[in-house]
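Engineer: I am attaching a structure below and will ask some questions about it afterwards.
The numbers here are math on the coordinates, done by the rules we state, and not lab data. Remember, it's a predicted structure, so these values are computed and weren't measured experimentally. In this analysis, Cβ positions are derived from the backbone assuming ideal geometry, glycine residues included, and neighbour counts consider all displayed protein chains.
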């Protein structure tokens, strides 16, 4: 899959999901989740930056935003999880890392590495092409459907569909 095909594929999925009703009530099911720690996210960032030969551009710009990003998937409001399933939890983590510009450089790459690790350690390995991964991160950074209060939910919905599509 080349970059153009990946972009077209992702745009098709986003369009299809945008047309559907996204405000269906969530069923609250308690799930046991192995969350990432601040140390794991920083370690993932340093590995990503070394992998791309940019260790001099590594570094946390906003430690407070980093802590918030790591805690966001775990948020509970009046006894109800804000992000009630693994997909929305992953979406909230990725949305925070991409959009809050936590790191000096490599935010989208780090977000994908954390997404990959978070889902894998919770039993949902990612298996889609690298070009699709790149386009997915760019879409999260640029597409208004992935912004604001519903952004994490929308990322989660699309992510679940992409993962399940590539499982088969």
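Engineer: Which length gain, in nm to one decimal place, applies between residue 60 and residue 122 when the Cα-Cα distance is subtracted from 0.36 nm times their residue separation?
Structural biologist: 19.8 nm
Engineer: Also: Just want the ordering: 4, 96, 46, from fewest to most Cβ atoms lying within 10 Å of their own Cβ.
Structural biologist: By the 10 Å Cβ count, ascending: 4, 46, 96.
Engineer: As a footprinting exposure proxy, order 12, 153 by other Cβ within 10 Å, with the fewest listed first.
Structural biologist: Taking fewest neighbouring Cβ atoms as first place, the list is 12, 153.
Engineer: Assign one of three labels to segment 114-158, namely rounded, prolate or oblate, based on the Cα gyration tensor with a ≥ b ≥ c the square roots of its eigenvalues; rounded applies when a/c is under 1.5, prolate when it is not and a/b is larger than b/c, and oblate otherwise.
Structural biologist: It comes out oblate by the Cα gyration axes.
Engineer: Let me ask another. Which of rounded, prolate or oblate describes segment 82-168 when judged by the alpha-carbon gyration tensor and an a/c cut-off of 1.5?
Structural biologist: rounded
Engineer: Beyond 30 Å, how much of the Cα-Cα pair distribution for the chain remains, as a whole percent?
Structural biologist: Taking all Cα-Cα pairs of the chain, the fraction more than 30 Å apart is 12 percent.
Engineer: Quick one: grab the alpha carbon gyration tensor of segment 83-134, order the square roots of its eigenvalues as a ≥ b ≥ c, and give me rounded if a/c is under 1.5, else prolate or oblate depending on whether a/b is larger than b/c.
Structural biologist: Oblate is the answer for segment 83-134, as a/c is 1.5 or above yet b/c matches or exceeds a/b.
Engineer: While we're on this one: For 161, 127, which order do you get if you count the other beta carbons within 10 Å of each Cβ and list the fewest first?
Structural biologist: 127, 161
Engineer: Further question on the same structure: Using just the helices of the chain, give the 222 nm mean residue ellipticity in deg cm²/dmol: DSSP H runs with n ≥ 4 each add -39,500 (n - 2.57), and the total is spread over all residues, rounded to 500.
Structural biologist: -19000 deg cm²/dmol, from helical runs alone.
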